[in-house]
Structure formats: C-alpha cells, structure tokens
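What follows draws every value from the coordinates through simple rules; no lab data is involved. Everything numeric in this text was worked out from a predicted model, so none of it was measured. Methodologically, a virtual Cβ is constructed for each residue, glycine included, from the backbone with ideal geometry; neighbour enumeration extends over all protein chains shown.
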Amino acid sequence: MTSFRISEAAALLGVSADTVRRWVDSGRLAATRDGHGHRRVAGADLAGFLRAQARLREPDPGVRVSSARNRMRGIVTEVVRDTVMAQVEIQAGPFRLVSLMSREAADELGLEIGVVAEAVVKSTNVVVELPDHG
C-alpha cells in the first residue's frame, strides 16, 4: 500500500509539514509510525481526507456556478498579446498553466502580470501519469 512521509503529504496537500503534523496530532488525519519511528500517512487515508475537505469547502462568494470542478487560483506571470490572440501564464502553487484566448477576452478581463486569477479546467481528456521513481 502506498504511504507518504509527512513532508510528502504536505506537498500533495499544499500546506506545510507542521500543518500536517498538527492534523495528525489532533486526530484529523491518520498516520502510523514506520520502523524508524517516522510518521507515515497511508495513501487511501490521504485521499479520503482530501475528499472530505473538498466537501466541507464553501464556494467562494462571487464565483459563478459551474460544472467545472478543476479550479486553481494563482497569479498571472506572463501575458503575450498579438492583434487577435493572447497567451496567458498562471502560476498556481507549483503548477504553471498556459491559456490561449482571444485578445479581446484578455483585455476585458484586465489580465496583466501580477493579477490574481483562477484557471478553470474542463476537459474530456485528462492524461494521468505516474512520477518516475527511477
């Protein structure tokens, strides 16, 4: 069964290792100790914790209702405009997202470097890859 060190779980959750330790110490997140005494979180427990947190999260006020569930809040790091199109880069935590849109849309949204934006992804094709452990 897959399990994660506290620091790995923290990276997957997007929080600090201290926050994960507090959740474990308070009983919010289950963890066991390995043969060296280090705490480890089972992958299934981490997934269940994430599902429960997502259900508890209140929708952001002012966000329109949508069928898209993949939302990543970040900061605009680059905007390249030509006469018709714009390429917009958003850094959302460790993730870089690039969107191509009409220049008109980018202008109407006021997209400039430093603006906080939300990337919303709705796709019928999502590629799933496993990290290289070699």
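Legend: Rg and Dmax of region 3-56, from Cα coordinates, 10.3, 35 Å.
Taking Cβ atoms as reference points and 14 Å as the exclusive limit, the residues near D107 contribute a net charge of -2, counting Lys and Arg as +1 and Asp and Glu as -1. Going from the residue with the fewest nearby Cβ atoms within 10 Å to the one with the most, V115, V121, V84, V20 rank V84, V121, V115, V20.
The share of Cα pairs per 10 Å bin across the chain, counted from zero up to the longest distance, runs 10, 30, 30, 20, 9, 2, 0 percent.
You can think of it this way: the chain between S16 and V98 has 26.9 nm of extra reach, that is 0.36 nm per residue less the Cα-Cα gap. Were the residues from A52 through T124 laid out at 0.36 nm apart, the gain over their Cα-Cα distance would be 23.5 nm. By the count of other C-beta atoms within 10 Å, a proxy for reagent exposure, L50, L97 are ordered fewest to most as L50, L97. If you plug the beta carbon distance of M1 and I113 into 1/(1 + (r/R0)^6) with R0 = 35 Å, you get a FRET efficiency near 0.20.
Mean separation of Cα pairs under 8 Å and 6+ residues apart, divided by the residue count of the chain: what relative contact order is that in percent? About 18 percent, as a whole number. Just tell me the longest site-free run in the chain, where the sites are GluC sites (Glu not before Pro) in a DSSP loop having at most 16 other beta-carbon atoms within 10 Å. Result for the longest clean stretch: 1-111. If only the Cβ of Lys and Arg carry +1 and only the Cβ of Asp and Glu carry -1, the dipole of region 3-56 around its Cα centre is close to 100 debye.
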